[in-house]
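Nothing in this text is a laboratory measurement; each read-out follows from the coordinates by a stated rule. Computed from a predicted model, the values in this text were never measured in an experiment. Positions of Cβ are generated from backbone atoms using ideal geometry, with glycine treated the same way; all protein chains shown enter the neighbour counts.
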Amino acid sequence: MIAGTTARTRIAVLVSGSGSNLQALIDASVDPHFGAEIAVVVADRPNAGALKRAADAGIAHVVVSWSDYSDRETFTTAICDATHTHDVTGLVLAGFMRILSPVAIRRYPDAIINVHPALLPAFPGADAVGQALAHGVTVTGVTVHFVDEQVDHGPIILQESAAVHPDDTIDILHRRIQQIEHTVLPLAVDAFGKGLLRVVGRRVEWSSL
Ligand code: GAR
């Protein structure tokens with residue numbers, strides 16, 4: 001521990017993709033006052049680019065392959081067993097493209113954070129950016145929320161909007177949204193790690209330090 005700082009909340013970051021949000025968390029946690037420490041990165045597939053980012057940062061990383069399990073329950077149990085080994089207090093789903101079974105929510109109540117590339121409750125699911133474009137909205141954005149037993153549904157921690165331009169493609173709009181994700185996800189994880197977030201019904205109350 002660095003002099004003048006307190007122990008940080010240990011988290012696991014769950015990933016499926018390139019890991020740009022994981023990178024934002026790695027970069028934020030260089031600051032010793034950041035509220036969380038990434039104890040382990042868990043990927044659901046061996047070819048997730050995020051695994052290299054974890055390795056480069058010297059962070060423990062494991063693969064729990066979706067294809068090795070017969071159902072969502074056993075897959076989720078394997079993930080929770082892996083995170084338990086690293087003694088974490090919460091999970092951050094940073095581009096994790098699997099739905100966890102309620103087993104995880106029981107193990108980590110009000111302690112699983114997801115980042116979603118739309119302003120929930122609009123456009124839940126795996127194709128949020130494509131849905132926003134298809135719908136013709138002029139504003140979409142980012143939601144960081146606690147995970148509950150319904151998909152892309154739990155109490156909202158932070159939201160920020162992104163403009164949709166008439167000539168946007170899915171890739172261009174997604175990049176604009178991800179730039180926002182890289183700011184708001186670390187803010188939410190820092191607040192979670194510092195114990196500043198309290199879930200009250202469907203709402204999240206923030207307290208100051
Ligand atoms: C992020 O934009 C995240 O919001 C999205 O996947 C991307 C992963 O990017 N998640 C979802 O769509 C979940 N429904 P990254 O691997 O570069 O962080």
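Here is how the numbers come out for the structure above:
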| item | result |
| --- | --- |
| Globularity index of region 11-134, i.e. its alpha-carbon radius of gyration over 2.2 N^0.38 Å | 1.04 |
| Helix-only mean residue ellipticity at 222 nm for the chain, each DSSP H run of n ≥ 4 adding -39500 (n - 2.57), per residue, nearest 500 | -10000 deg cm²/dmol |
| P(r) tail fraction, the chain - alpha-carbon pairs more than 33 Å apart, % | 11 |
| Cα lying deepest toward the dipole's positive end in the chain, options 19, 161, 85, charges on Cβ | 85 |
| Region 132-198 - convex hull of the alpha-carbon atoms, volume per residue in Å³ | 90 |
| Where N is the number of residues in region 94-209, Cα Rg divided by 2.2 N^0.38 Å | 1.07 |
